[in-house]
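See below for the structure under consideration.
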Amino acid sequence: MVQYAARLDTSFSALSDATRRGVLEQLVRTDATITELADRFHMTLTGMKKHVGVLERAGLVTTEKVGRVRTCKLGRRRLEEEAGWIERYRQLWIARFDALDEVVEELKRQEKADGRRKR
Amino acid sequence: MDAGSDRQAGPMKHRTTAERTSERELVVTRTIDAPPRIVFEAWTRADLFQRWWVPKSIGLTLLSCEMDVRVGGTYRLVFQADPEPMAFHGTYLDVTPPSRLAWTNEEAGGSGQITTVTFEEKAGRTLLVLRDLYPSKAALDEAIASGSTSGDMNETFDQLDELLAARG
């Protein structure tokens, strides 16, 4: 519980800054290099590196360096949250559609019986 | 129709897909073993709708279900909840039997998404495509962040999670 609270706290402080929230929104759309992010938010490379560092420590962003270019993408935690949510959403629909199958089978049987009666 | 298919034990299960297709849209697909007119009927008659929209496995108690299925007509589902009953309501935007239905979701605390369902005939079966379109990317992100998958139905999912966990 304490650990969870500490993690939550890191997230909240990471998200308390408008630029960092902007960076996250940007990364939802597509991965980006530090240089691209710095350009987009009219910031120095050093300034953007600091922001990305904060997001990285909060688990919201991961970075990977290939050659001299560091690419940022959404962190696993954020992606896992979304994937987990969509899976639960899918489970709700599975339960609904399984029940719908039964209602539909009943309607089909009824229609068939009515058809026989008419003949 | 041959006698063999009559004896089939229960309806055939098809795969349900769900994905976020854009910044503000979720899409669910499923094939149903019946022509669109039957699926449409199950979706638009309150006595049938409440039997599957609130499946037993969800463990929620539906107190009432009113549906006035015509363009501009409204629906209202009231669930038993603590401390007071919870209402889900909205307005039908499109009612085109048997191929299309659309409605708003206006429940308190809801994200204001518009749900559109199309029923497409495929060799006697129905390909059902349901789209939840949120007013903005932020609204869908918020719905995901809140953990609730249907307005304010956190509890629903806790129960569903328990059920799924129990099933192993």
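The values are calculated or read from the model by the stated rules, or taken from the named source; none is laboratory data. All figures in this text were calculated on a predicted structure; none of them were measured in a lab. Cβ placement follows ideal geometry from the backbone for every residue including glycine, while neighbour counts extend to all protein chains displayed.
The table for this structure:
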| quantity | calculated |
| --- | --- |
| Condition broken by B:Ala165, with the remaining ones in (1) part of a helix (DSSP H, G or I); (2) modelled with pLDDT of 70 or more satisfied | (2) |
| Boolean, B:Glu155 is surrounded by fewer than 17 Cβ atoms within 10 Å (Cβ to Cβ), at pLDDT 95 or above and either out of contact with any Asp or Glu (no Cβ under 7 Å at 6 or more places or on another chain) or over 22 Å from B:Pro97 (Cβ atoms) (or both) | no |
| Identity of the residue in segment B:33-56, farther than 24 Å from B:Gly124 by Cα and surrounded by 19 or more Cβ atoms within 10 Å (Cβ to Cβ), that ends up farthest from the other protein chains (Cβ to nearest Cβ) | B:Val54 |
| Residue among A:Trp85, A:Trp93 that is facing another protein chain (nearest Cβ under 10 Å), surrounded by 19 or more Cβ atoms within 10 Å (Cβ to Cβ), farther than 17 Å from A:Leu15 by Cβ and within 17 Å of the chain's Cα centre (by Cα) | A:Trp85 |
| Members of segment B:57-70 that are away from chain A (no Cβ under 14 Å), in contact with a Ser or Thr (Cβ under 9 Å, 6 or more places away or on another chain) and surrounded by fewer than 16 Cβ atoms within 10 Å (Cβ to Cβ) | B:Glu66, B:Asp68 |
| Residue selected from segment B:33-73 under the condition assigned to a helix (DSSP H, G or I) and aliphatic (A, V, I, L, M), by the criterion nearest to B:Ala143 (Cα to Cα) | B:Ile58 |
| Qualifying residue in segment A:21-36 (condition: within 23 Å of the chain's Cα centre (by Cα), within 14 Å of another protein chain (Cβ to nearest Cβ) and closer than 30 Å to B:Phe119 by Cβ) | no |
| Complete set of residues in segment A:73-108 that are outside any helix (DSSP H, G or I) and not aliphatic (A, V, I, L, M) | A:Lys73, A:Gly75 |
| Residue count for segment A:54-72, restricted to those that are charged (D, E, K, R) and part of a loop (DSSP other than H, G, I, E, B) | 1 |
| Residue list for segment A:99-108, filter: surrounded by fewer than 19 Cβ atoms within 10 Å (Cβ to Cβ) and either at the interface with chain B (Cβ under 7 Å from one of its Cβ atoms) or at pLDDT below 95 (or both) | A:Glu102, A:Glu105, A:Leu107, A:Lys108 |
| Count - residues of segment B:116-128 that are within 12 Å of another protein chain (Cβ to nearest Cβ) and part of a strand (DSSP E or B) | 5 |
| Close pairs from segment A:43-66: first touching a residue at least 40 places away in the same chain (Cβ under 8 Å), partner β-branched (Val, Ile, Thr) and assigned to a helix (DSSP H, G or I), Cβ under 6 Å, at least 6 apart | A:Ala58/A:Thr10 |
| Hits in segment B:20-32 - residues which are part of a loop (DSSP other than H, G, I, E, B) and away from chain A (no Cβ under 11 Å) | B:Arg24 |
